[in-house]
Amino acid sequence: MIRCASTFSCRNNSINTRKLVSRNPIRQILVASLLAALIPLSAFAIEIETSAVGLSGVPLDYSVSDVAPGAAVRLEAGGSTYTALADAEGNATFTDVTIANAGETSVSATADGQTASQSLRVIPGWVSVLPAILAITIALTLRNVIPALLLGLWVGATALRSFTLEGAGRGLLDSFQVFVTGAIADFDRASIILFTMMIGGMVGIITRNGGMASIVRTIVSRAKTAIGGQVAVWLMGLMIFFDDYSNTLVVGNTARSLTDHLKVSREKLAYIVDSTAAPVACIALITTWIGYQIGLVDQALASIPALSAVQAYSVFIHSIPYSFYPILAIVFVLMISASGLDFGPMYKAEVRARNGAVKPEAVEALPAIQGDELEPKDKIPLRAFNAFVPIIALIIALLASLVLLGEGDSMVEILETTSPYQAMMYSSFVGVLVAAVLSIGQRILSVHETVDAWYGGLRATLFGMIILVLAWSLSDLTATLSTAQYLVTLLADSLPVALIPAIVFVLAAFTAFTTGTSWGTMAILMPLIIPLGWAVMTVNGIADASGMHILYSSVACCLGGAVWGDHCSPISDTTVLSSVASGCDHIEHVRTQLPYALLVGIVGLSVGTIPGGFGMPPWISIVIGIVILGVFLRVVGKRAEAS
C-alpha cells in the first residue's frame, strides 16, 4: 500500500489559518506557501491497496482510492492493464488481477492525470499453504501444538518479509508482535476468551460448592453405565443447539464429572462435544450461525441478477437436506454412544478409561499445565441446585441476550442482527455471579474460598486459550497470504456441473483444515461458489428450477465442508475449545476424532454429495449413509472392556 500524499481538511486549514495570518505578514506568506504545496496534493492524492504479497498465477483483488467519483482509473500490474470507474466514494476495484511470475514487480495506477506506483513482491502460490501444512504436520508428529503453531507463524511471517536471514529475523518478531497481538486485540475474540474463562470460573465454583458432585450422583442413579452416560452427553449437545461455542463449553464442563465417574475417556467426551456442537448449530433453524450464514448467502445472491430476488433464508432451508456431513456426524455420534463400539485410537483410549485412567498418562511430568483438579469442599451438603441454577441462569441469560441485542420482527431477523459475543459475555458473567451468590449465601464457601474456586476453574482454561490465540494468529496469517484464493485457483479450474457440490465440499474442507476456521472459510468461499456454480449451470443450460439442487447442495457443502475441515484440524478454534472444555489433551482429541470424522465425511461425500449432484433425492442418500455407517461400526468396532 502506498500513499502519494497526506490528506488534510482544506476547509479547516483555511478557517484556522485565517486568524493567524491576519496579524503576521511573514506568517501569512509561510502559511500560504504551505497551503499552496499541500492543497493540490491532497485534492488529487490517490492510493493503491493490494495484498501484502502477490501470488504468482493467482487472481487477486486490488483497489485504488481517493479518486474523483466517476473517474476512469487504469491499473498496470504484471505486464497487463486493467480499467475501472471510481464509485461515488472515489474507490475503484479491480478483480481477478493476475501476475504470472514470482519476483519483484511494480503496480501503478493512473487517474485524473495523477499516478501512484508501488513495488509488490510476488511469491509462488504454494508458499501460502506452507505455514498451515507445516504447523499441522509438526503438531501431529510432536503431539504438541504450541511449538507447531509458533513455527508455522514464523515461516508465514518470514514469507511476508523475505526468505533471507534478515527476513527470518524480522519474521520471528512479527509473528508475535503483529499477529499474536492482533489476534488478542480483536473484540470478538477477546469476548470468546473472557467467556471461556468465566465459564471455567463458574464450573470451578459449582464444583467446589458440591453442586456438580450432586448432579453426577443424581445422573449416575439413572445413567449407570458408560453407554448411558455417553447418550446423556449426546442429548445435552442437542439441547444446547443455539450456539456452538456455548454448546461446547457448557456441555463439556458440565459432563466431565459424569463421564469421569462412569470411566468414559476424556477423548470420547471431547469427540461427543465437538461433533454435536457445530454440526447441530449449522443446520438448526434458530442459532447464532443462521444470521451469519444467511448474510453470506444473501450477499452472493445479490451479485447475480437472476437470483437477486431469491430469499437467502429460503435457499438455506432448501440446503439443509443436502448437509450430509453434519446430519451423519450427529447420527454417528449416537451410534457410537449407544452401541459402546469403537475403533482406532478411540478404542485404545476407551480401554484405558475402563481400567481407571480417563486421561492419557503423560510421558513427561507437566505440573504447570496439568495442575491440580478441583474437588468439592469437605463436609458440605451436596445440593444439585447449586449447579443447576447457575447453568440454567447462564443458558437463559444467553438466550435473552441474543434476543434483546438483536433487531427485527422475526426470530430470524433478530438472530441475523444480534451480537453473539456480547451475549456470551453477559451470560457467563451472570452465571458466575449466581454461582457465587448461592455459595456465599448458604455459607458453603466463604468469599475467599469462592474467589479461589473461581480462579481454580479459570486457570484450567489458560493453556487452551494460549493455543486458541495462536490458532487465530495463524488464521490471520493465512488470510494475509491469500491462502484461500490460492486453493480456489488450484482446485476449481474445470468444474463438471454435477460435481460442483463435491468440489466445493473438498475445497471448503481443505480450506478450513489449513486455516483452522469454519466461519472464515464460509466467508471466503460463499461469495465465490454461488456465482461460480450459477455460471457453470448457465453454461450447461440448467440455470432454472431443474438445476437448483446444484445450488442448494453447493451452499450446504460450503457449510458442511467447513465443519468437516474444522473437525479434522488441530489448529481449529472449536477443536481447541472442545479439548479445553472436556479437559482433554488437544492432540489426543484430534488423533482420536480424526478417523471418525474422516469416515463420516467420506461416506457423506460418496453416497450423498456426489449422487446428489446427479439428482438423487437427499433423503435416500441419508438413509444409505446411516446404513453404511452402522454396518461399518458393527464389523470394525469393538467394545471396550476393563482388563
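The values are calculated or read from the model by the stated rules, or taken from the named source; none is laboratory data. Here the structure is a predicted model, which is why all the values come from computation and not from measurement. Glycine also receives a Cβ, built like all others from the backbone with ideal geometry; neighbour counts cover every protein chain displayed. Ligands, DNA and RNA are excluded from the accessible area calculation, which covers all protein heavy atoms including side chains. Shrake-Rupley method; radii C 1.70, N 1.55, O 1.52, S 1.80 Å.
Some notes on this structure:
Per-residue answers, yes or no, for (1) surrounded by 20 or more Cβ atoms within 10 Å (Cβ to Cβ); (2) part of a helix (DSSP H, G or I); (3) at pLDDT 80 or above:
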{"site": "T259", "(1), (2), (3)": "yes, yes, yes"}
{"site": "V273", "(1), (2), (3)": "yes, yes, yes"}
{"site": "A284", "(1), (2), (3)": "no, no, no"}
{"site": "I290", "(1), (2), (3)": "yes, yes, no"}
{"site": "A309", "(1), (2), (3)": "no, no, no"}
{"site": "Y313", "(1), (2), (3)": "no, yes, no"}
{"site": "Y325", "(1), (2), (3)": "yes, yes, yes"}
{"site": "L328", "(1), (2), (3)": "yes, yes, yes"}
{"site": "V331", "(1), (2), (3)": "no, yes, yes"}
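- Qualifying residue in segment 32-39 (condition: at pLDDT 85 or above and out of contact with any helix residue (DSSP H, G or I) (no Cβ under 7 Å at 6 or more places or on another chain)): no
- In segment 445-466, the residues that are polar (S, T, N, Q) and under 27 Å from V576 (Cα atoms): T461
- Pairing residues of segment 376-394 that are modelled with pLDDT of 85 or more with residues that are part of a helix (DSSP H, G or I) and surrounded by fewer than 18 Cβ atoms within 10 Å (Cβ to Cβ), at Cβ distances under 9 Å and at least 6 apart in sequence or on separate chains, gives P390/L433; A393/L433.
- Filter result (out of contact with any Phe, Trp or Tyr (no Cβ under 9 Å at 6 or more places or on another chain) and open to solvent by 10 Å² or more (accessible area, probe 1.4 Å)) within segment 548-583: M548, G583
Yes/no matrix, rows are residues, columns are (1) in a helix (DSSP H, G or I); (2) within 15 Å of F332 (Cα to Cα); (3) out of contact with any Leu (no Cβ under 6 Å at 6 or more places or on another chain):
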| position | (1), (2), (3) |
| --- | --- |
| G565 | yes, no, yes |
| P570 | no, no, yes |
| S579 | yes, no, yes |
| C584 | no, no, yes |
| P595 | yes, yes, yes |
| S606 | yes, no, yes |
| L629 | yes, yes, yes |
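- When restricted to residues that are modelled with pLDDT under 80 and under 23 Å from the mean Cα position of the chain (by Cα), segment 403-413 contains 2.
- Residue match in segment 100-117 (condition: closer than 30 Å to V590 by Cα and either touching a residue at least 40 places away in the same chain (Cβ under 8 Å) or surrounded by fewer than 17 Cβ atoms within 10 Å (Cβ to Cβ) (or both)): no
- Search result, residues across segment 52-62 that are surrounded by fewer than 20 Cβ atoms within 10 Å (Cβ to Cβ) and in contact with a strand residue (DSSP E or B) (Cβ under 6 Å, 6 or more places away or on another chain): S56, P59, D61
- The one condition from (1) part of a loop (DSSP other than H, G, I, E, B); (2) of a type outside the set (F, W, Y); (3) in contact (Cβ under 8 Å) with a residue 60 or more places away in the chain; (4) out of contact with any helix residue (DSSP H, G or I) (no Cβ under 6 Å at 6 or more places or on another chain) that V58 does not meet is (4).
- Meeting the requirement of 3 or more residues that are farther than 30 Å from L160 by Cα, the helices (runs of 4 or more DSSP H) wholly within segment 389-500 are 411-417, 420-441, 447-459.
- Among the numbered conditions (1) under 16 Å from the mean Cα position of the chain (by Cα); (2) surrounded by fewer than 22 Cβ atoms within 10 Å (Cβ to Cβ); (3) over 26 Å from A270 (Cα atoms), the only one that V437 does not meet is (1).
Conditions (1) of a type outside the set (S, T, N, Q); (2) modelled with pLDDT of 85 or more, marked per residue:
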{"residue": "I133", "(1), (2)": "yes, no"}
{"residue": "T137", "(1), (2)": "no, no"}
{"residue": "V145", "(1), (2)": "yes, no"}
{"residue": "A157", "(1), (2)": "yes, yes"}
{"residue": "F163", "(1), (2)": "yes, yes"}
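- Some residue of segment 410-426 being among the small types (G, A, S), within 25 Å of T207 (Cβ to Cβ) and in contact with a helix residue (DSSP H, G or I) (Cβ under 6 Å, 6 or more places away or on another chain): yes
- The residues in segment 597-613 that are open to solvent by less than 40 Å² (accessible area, probe 1.4 Å) and closer than 23 Å to L142 by Cβ can be counted, and the count is 1.
- Taking residues in segment 462-473 that are at pLDDT below 80 and basic (K, R), and partners anywhere that are surrounded by fewer than 22 Cβ atoms within 10 Å (Cβ to Cβ) and part of a helix (DSSP H, G or I), not one pair has Cβ atoms closer than 7 Å while being at least 6 places apart or on different chains.
- Subset tally (residues that are in contact (Cβ under 8 Å) with a residue 40 or more places away in the chain and touching a helix residue (DSSP H, G or I) at 6+ places or on another chain (Cβ under 6 Å)) for segment 124-165: 17
- Conditions (1) surrounded by 19 or more Cβ atoms within 10 Å (Cβ to Cβ); (2) within 18 Å of C557 (Cβ to Cβ); number of the one not met by A353: (2)
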